[in-house]
Amino acid sequence: MLDWLATLVTRHRVLVLGALVLVAGALGSQIPKIQVDPSVENLISSYEGEALGERIAERFRADFGDTDRVMMVLVEAPDVLQREPLQYLHDVTRHVTEEDWVDRVVSLTETPMPRRITPVEETGGFDDLEEELGGGDDEGGGGFDSLEEELDQPDQDDFAPGVVDALVSLVEADPERFPGGFRELGLRLQRELVTDPVVDGDTVTDEDVAELRDALGQSGLVDGRLVSRDRTLAVSALFLKSIAPKEMRKRVAELRDWLAANPPPEGIKVHLGGLPYLRSAIVENIRSDQLMLVPLTLLVSMLFLGLTLRWLWGVFLPIGAVALTAVMVVGTMALVGEPMNVLNNIIPTLLIIIGISDSIHLVARYREELQRGDGEKLPAVQRMVRTMGAACFLTSLTTAVGLASLAVSKTVMLRHFGVTSACGVMVAYLVTITFVPAVSSWVKKPKPRTKENGAWIDVALMRLTAWVLKRPAMILGATALILGGSIYGATQIEVDHALLDQFDESDPVYITTRLLEDKLDGVRPLEVSLSSEDDGRFFDPAVLAKIDEIGGWAQDRDEILSWTSQSTILRQSLFLLSNDRNALTAPFVNGEQVRALNRIMSARDADKSPLKAWVTPDGRRMRFQIKVRDIGAQATMRFIDELDGRLRTSLEGTGVAVAYTGEAYDGSVGMDAVVNDLLGSLVTAVAIIFVLLSLLFRSLRLGLLSIPPNLLPLVGTMAYMVVRGIPLNAATGIVFSIALGLGVDGSIHVLARFREETREKGFMAHPALIRAARGTGRAIVVSSVTLAAGFAVLLLSNFIPVRLFGELIAVTVFATLFATLIVQPALLQVAGMSRRMKAAAAARPKATSLAE
């Protein structure tokens, strides 16, 4: 196969290069169509049972709507309850209400706000009129007294159908709270209670401000939701229609442009917040990363290649190969509908860096073959393909296995990343093993290496190897101590993930989200969905009392910002109807009272009832919402576990089933599954790579000897994470799958060259390792430095997880370089050759010099 490939790329190079360019061009034309998925929570959602979780979420949305699709415009001022900031809030609300991508808007000035108003003081009424007319005794059946009594009754025609019956039921259910009966309650509704928006028209008046302040004093539902309790922040909440991420990004950009063109008055600030805005910002950052990281990675790689290889084509050949690879892979992603997200955003950069490594080894072997032979290009290229094709295939295969091990993950985003990047690595091999030899046989060959153009590296590596081979016991003893300490350190690693882990503290998204948590009720809803087979179950005061008790417990927790249920709304309505503040805390009297309140609030327009989002009309399903701080997945799950235990204990015997959804749940519940996935996939990858090495080298001994040098960088990196305080999560955990594949690359080249020198050329372990250091050491060093430099470019990413990924990979690469150049030779010196191999090598004729 390698002989055929060597002939193909040298004798039919035009055909090979033409095919590569044609395929890259066709796939590259699809790149503009690639989609972007901004959902951060997908990093750890879609865990085991994802189908059940999605069914729960779908049923929740059908019953109560999509509570994640809410964006906020925040107006900040020293006192937002002044005319100027309220006018700006009102203008913004009026503007967004007209947008076709906004379903509805809730704000202080535009939203109907039930409130009690002071009735106009009467000036004597019928008594004054009777006295003025001189009347007193009415012999005709009551006179003015009967007329007054007749007129001082609620006009039942003013009420929506069903409201009168509901009011009568409410009075009968709780007569002590309504001693005046239906007459008093009906008149109060008609004369003292209003439900229209505070602001009527385009202008906020001083009277509107005063009325709004009074209304806020009566309602506890608005505080912490539409206005902060310290009155420094007001919100216009945009409930959005379901639109594609690309369209959402466009609409958010338009809103930002409008806010920039219509700035608030001096002393007032405006911010955007909420999950849709956060996701839109992530899309922008992903695009910004691609425009910056890919070109910069290529530039840094070119710089290091130029400094180390000292051959112009030695720079352009690797860059050309990885550029073709990146175009093909990203184009294929667009073609099959695989979107860019916060994880596979790094795939183009990853393929560029990994692909360059194989090219470096090919170029290094090509120069070596030119010096060993007669200097002719075609034979040197063919020998390069024959000797390096298998080793490069094996390095690519082991890297792909490390990545493909993520395919067993229960997390969709991890699975897609693993499969896509593994396929990309194998594409990189195919492109590299055809493109580099084909072009090498065409272009001007490199000059022989001298001290001035880098031969000193080879000399230094041979001296280092000789030093190691004289002290194998000392080296292996020190390695054992380092490995033991690293393993202990790795056991202390923290496993966690938080929503704002993606952003710097100076990022506007971070600032706004923290502002929402400090002043309002944050952006992370935990939705608790309750269901029963019994009609009216959630109109039962006993059941509601149990739920309220749980809500009170949750509200007192530091990690909880707020909790809301149908009881919150019902009690506020009962307070406004009765003017009794005890109604805000007292338990419901009976089921008829709860049903009556529901009918009153739903009678005029059931679709606009505030209870629609909290309980179904048949009373068989309800929800309550807990807003959670961004405290990390582990702390969130501890709270959810405790909440679940309390709910199930409290509701035992009621026939109520409990389910969870919402971003706080979806973004946290999969964390343990993700880490277990990563550890399981890593163990699987280690086993597969060990088997591959043992089979391809036909030596169980060499397979076993490859494990310690590749285990050391992994546990060393975990210990480094503990020292740096970097948590283990989906974004940082994939480092180990990638690092395993990359780390094995160096071992493969050393083992392949060691096997070649001992079995084919008859050298004993010591000279064989010296020759291996001379033949492959330079390429290993250059590829490792290039890898580290390339991954260091990720430190400039807009995403903290991507920057951490780059940092950890760079640390792992340098640890791998240490293990490959120091630990691997010591192991091979001690146990690399069996007695039979040593005897066979001693009987075989030796080469007379290192050059041979």
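For the chain, the longest principal axis of the alpha carbon atoms and the long axis of helix 591-602 meet at an angle near 80°. Between helix 181-191 and the chain there is an angle of about 70 degrees, using the helix long axis and the longest principal axis of the Cα atoms. Highest average first, the peptides 293-300, 777-784, 194-201 ordered by how many other beta carbon atoms sit within 10 Å of their residues are 777-784, 293-300, 194-201.
For the peptides 106-116, 647-657, the ranking by packing is 106-116, 647-657, with the highest mean count of neighbouring Cβ atoms within 10 Å listed first.
Ranked by solvent-accessible area (1.4 Å probe, protein heavy atoms only, all chains present), the residues Met764, Met601, Met1 order from largest to smallest as Met1, Met764, Met601.
Applying 1/(1 + (r/R0)^6) with r as the Cβ-Cβ distance of Asp518 and Asp100 and R0 = 22 angstrom yields a FRET efficiency of 0.10. Evaluated with a Cβ-only charge set (Lys, Arg +1; Asp, Glu -1), the chain carries a dipole of roughly 11920 debye about its Cα centre, given to the nearest 20. Any of Lys250/Lys627; Lys33/Lys444; Lys269/Lys546; Lys445/Lys470; Lys269/Lys627; Lys519/Lys546 with alpha carbons more than 31 Å apart? Name them for me. Those over the limit are Lys33/Lys444; Lys269/Lys546; Lys445/Lys470. How much length is gained if the chain between Ile511 and Arg471 is pulled fully straight, taking 0.36 nm per residue apart and subtracting their Cα-Cα distance, in nm to one decimal? Working it through step by step, the gained length comes to 8.8 nm.
Count Lys and Arg as plus one, Asp and Glu as minus one, and take only other residues whose Cβ is under 13 Å from that of Phe393; the net charge is then -1. Residues within the reach of a label modelled at Ala613 (point 7 angstrom out along Cα to beta-carbon, backbone nitrogen below 19 Å), restricted to segment 519-543, are 519-530. Computed from the Cβ-Cβ distance with R0 of 25 Å, the FRET efficiency linking Lys444 to Leu299 stands at 0.60. Our summary gives the chain a relative contact order of 21 percent, counting only alpha carbon pairs under 8 angstrom and 6 or more residues apart. Answer rounded, prolate or oblate for segment 280-332, using the Cα gyration tensor with square roots of eigenvalues a ≥ b ≥ c: rounded when a/c is under 1.5, else prolate when a/b is larger than b/c, else oblate. Note, shape of segment 280-332 comes out oblate. Solvent-accessible surface of the chain, taken per residue with a 1.4 Å probe and all protein chains present: 42 Å². Take the Cα of Asp196, step 7 Å toward its Cβ, do the same at Arg225, and the gap between the two points is 2.3 nm.
Ranked by the mean number of other Cβ atoms within 10 Å of their residues, highest first, the peptides 305-313, 814-822, 429-437 fall in the order 429-437, 814-822, 305-313. A cut-off under 13 angstrom between Cβ atoms defines the neighbours of Arg231, and their net charge, with Lys, Arg +1 and Asp, Glu -1, is -1.
Take the Cα of Ala460, step 7 Å toward its Cβ, do the same at Leu795, and the gap between the two points is 2.0 nm. Between the beta carbons of Arg648 and Asp535, assuming R0 = 25 Å, the FRET efficiency works out to 0.65 to the nearest 0.05.
With 0.36 nm allotted per residue and the present C-alpha distance subtracted, the Gln555-Leu430 stretch has 39.1 nm of extension available. Shown are Val21, Val419, whose ranking by accessible area with a 1.4 Å probe and every protein chain present, most to least, is Val21, Val419. With K and R counted +1 and D and E -1, the other residues having a Cβ less than 15 Å from that of Val431 yield a net charge of 0. Our summary gives segment 271-358 a relative contact order of 38 percent, counting only alpha carbon pairs under 8 angstrom and 6 or more residues apart.
The C-alpha atoms of the chain define a longest principal axis, and helix 13-28 lies at about 10 degrees to it. Among the protein heavy atoms, those of Lys250 account for about 110 Å² of accessible surface (1.4 Å probe, every chain in place). Rounded if a/c is under 1.5, else prolate if a/b is larger than b/c, else oblate: which is the chain, with a ≥ b ≥ c the root eigenvalues of its Cα gyration tensor? In terms of gyration-tensor shape, prolate.
Helix content alone sets the calculated 222 nm mean residue ellipticity of the chain: runs of n ≥ 4 DSSP H residues at -39500 (n - 2.57) each, divided across all residues, give -20000 deg cm²/dmol. Taken along the Cα-to-beta-carbon direction at a fixed 7 Å, the label points for Arg11 and Gln492 span 6.3 nm.
The values are calculated or read from the model by the stated rules, or taken from the named source; none is laboratory data. What you are looking at is a predicted structure, and each value in this text was computed from that prediction instead of being measured. A quick note on method: Cβ atoms are made from the backbone with ideal geometry, for glycine too, and the neighbour counts reach across all protein chains shown. Note: accessible area is taken over every heavy atom of the protein model, side chains too, but ligands, DNA and RNA are not part of it. Shrake-Rupley method; radii C 1.70, N 1.55, O 1.52, S 1.80 Å.
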